[in-house]
Amino acid sequence: MLPDIDALLRGNLLLSALRLSDQALLKPHLELRELQRGELLFEAGEDVCFISFPLGQCVAALVIGLQDGRAVETATVGHEGAIGGVVSQGSLPAFSRAVVQVPGSVLRIEAAVLQQIKQTSPGLRNLMTRYSDCLLAQVLQSVACNASHTIEARCVRWLLSLQDRIGSDVLPVTHEVLAELLGVQRSYLTRTLRTLQEQGLIQIRRGRIIIKSRPAMEEASCECHGAVKRHFEAVLGAVYNASGTLVSLRSTPAEGTQLCQAV
């Protein structure tokens with residue numbers, strides 16, 4: 001078993017929301033991994049052999065690659081969730097690429113082992129199913145956003161989403177990475193970021209973007225960020241603090257788990 005495993009579990013909202021008995025089923029099978037920016041958790045078409053639970057500020061994106069070489073982000077996953085087939089019956093081919101955007105640690109477990117444990121734990125099975133519903137909602141809203149909203153609004157939405165997950169005004173993201181995730185040319189994104197800076201919403205620094213005003217950013221964003229946030233609140237009980245950052249996850253009364261604070 002990993003040293004200080006209980007502290008590690010508190011770094012992920014899904015894991016920390018589980019009852020102690022369900023956590024005990026997972027603990028012997030969890031492996032701690034350190035991930036670097038740009039590292040792939042899996043590629044499209046590969047079997048998803050591990051389910052990864054990001055800890056702390058670690059963030060990964062689910063990305064769809066296109067034939068013309070572009071890649072577009074469809075969902076962002078941080079310490080509120082999990083990456084991989086959390087509902088599927090073991091290892092299945094991935095449809096998207098999962099790439100680390102903010103480096104950090106994950107706890108991972110073999111997909112086949114997680115499936116076996118879910119069969120014995122209704123609480124774990126229920127939690128994973130509800131999280132999958134939230135992840136699907138994020139993907140569907142991303143599709144609508146990419147089709148209907150301006151690059152400025154989409155950029156603000158993505159920056160707010162990243163801030164939610166790392167809990168800091170300083171976002172460690174480069175123009176190159178952000179342009180790729182939004183599916184636009186870097187020169188186009190640079191003009192967009194300059195416009196947002198002139199509006200007093202952000203401050204651009206080398207290798208990072210600083211959020212200057214969260215309320216102003218929310219005002220400038222399209223409705224997509226708020227829609228996904230409300231769905232997480234309704235289905236998973238994700239609680240946001242005044243800055244909009246994910247701070248806790250509560251499970252339904254029927255599941256019998258208690259409010260858990262994130263680290």
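Scanning region 21-46 for residues that are exposed (fewer than 13 other Cβ atoms within 10 Å of the Cβ) and either free of Cβ contacts under 8 Å to residues at least 24 places away in the same chain or not in a loop (DSSP other than H, G, I, E, B) (or both) gives S21, A24, P28, E31, E34. Within region 62-113, being buried (at least 19 other Cβ atoms within 10 Å of the Cβ), at positive phi and not in a strand (DSSP E or B) holds for one residue alone: G84.
Scan region 49-58 and give yes if some residue there is among the small types (G, A, S), in contact with a helix residue (DSSP H, G or I) (Cβ under 9 Å, 6 or more places away or on another chain), loosely packed, with under 15 Cβ neighbours inside 10 Å and closer than 26 Å to N126 by Cβ, otherwise no. Give the derivation first.
Filtering region 49-58 for residues among the small types (G, A, S) gives 52, 56.
So of that shortlist, the ones also in contact with a helix residue (DSSP H, G or I) (Cβ under 9 Å, 6 or more places away or on another chain) come out as 56.
Next cut, loosely packed, with under 15 Cβ neighbours inside 10 Å only: none.
Among the residues of region 49-58, not one is among the small types (G, A, S), in contact with a helix residue (DSSP H, G or I) (Cβ under 9 Å, 6 or more places away or on another chain), loosely packed, with under 15 Cβ neighbours inside 10 Å and closer than 26 Å to N126 by Cβ, which makes the answer no.
The set of residues in region 200-244 that are part of a loop (DSSP other than H, G, I, E, B), buried (at least 16 other Cβ atoms within 10 Å of the Cβ) and either modelled with pLDDT of 55 or more or of a type in the set (A, V, I, L, M) (or both) comprises L201, S221, C222, L236, G237.
Among what's in region 1-20 and is assigned to a helix (DSSP H, G or I) and either charged (D, E, K, R) or free of Cβ contacts under 8 Å to residues at least 24 places away in the same chain (or both), pick the residue that is nearest to V235 (Cα to Cα). For region 1-20, the residue satisfying everything is L20.
Just wondering, is there one or more residues in region 169-185 that are touching a Cys at 6+ places or on another chain (Cβ under 9 Å), modelled with pLDDT of 90 or more and more than 20 Å from E233 (Cβ to Cβ)? No; the residues of region 169-185 include none that is touching a Cys at 6+ places or on another chain (Cβ under 9 Å), modelled with pLDDT of 90 or more and more than 20 Å from E233 (Cβ to Cβ).
With respect to R130, determine if the residue is of a type in the set (D, E, K, R), free of Cβ contacts under 8 Å to residues at least 12 places away in the same chain and either touching a helix residue (DSSP H, G or I) at 6+ places or on another chain (Cβ under 8 Å) or within 22 Å of S96 (Cβ to Cβ) (or both).
Numbers: of a type in the set (D, E, K, R): yes; free of Cβ contacts under 8 Å to residues at least 12 places away in the same chain: no; either touching a helix residue (DSSP H, G or I) at 6+ places or on another chain (Cβ under 8 Å) or within 22 Å of S96 (Cβ to Cβ) (or both): yes.
Answer is no for this residue.
Residues that are at pLDDT below 90 and in contact with a helix residue (DSSP H, G or I) (Cβ under 7 Å, 6 or more places away or on another chain) were ranked within region 88-110; the one that is nearest to D133 (Cα to Cα) is Q89. Looking at L193, is it free of Cβ contacts under 8 Å to residues at least 60 places away in the same chain, surrounded by fewer than 19 Cβ atoms within 10 Å (Cβ to Cβ), of a type in the set (A, V, I, L, M) and farther than 18 Å from A60 by Cβ? Here the answer is no, as L193 does not meet what is asked. Please indicate, with yes or no, whether at least one residue in region 115-128 is β-branched (V, I, T) and surrounded by fewer than 17 Cβ atoms within 10 Å (Cβ to Cβ). Yes.
Residues in region 84-92: is at least one among the aliphatic types (A, V, I, L, M) and touching a residue at least 60 places away in the same chain (Cβ under 8 Å)? There is no residue in region 84-92 that is among the aliphatic types (A, V, I, L, M) and touching a residue at least 60 places away in the same chain (Cβ under 8 Å). Just one of the listed residues (S105, S132) is over 18 Å from A17 (Cα atoms) and small (G, A, S), namely S105.
The values are calculated or read from the model by the stated rules, or taken from the named source; none is laboratory data. Model, not experiment: these values are computed from the prediction. Methodologically, a virtual Cβ is constructed for each residue, glycine included, from the backbone with ideal geometry; neighbour enumeration extends over all protein chains shown.
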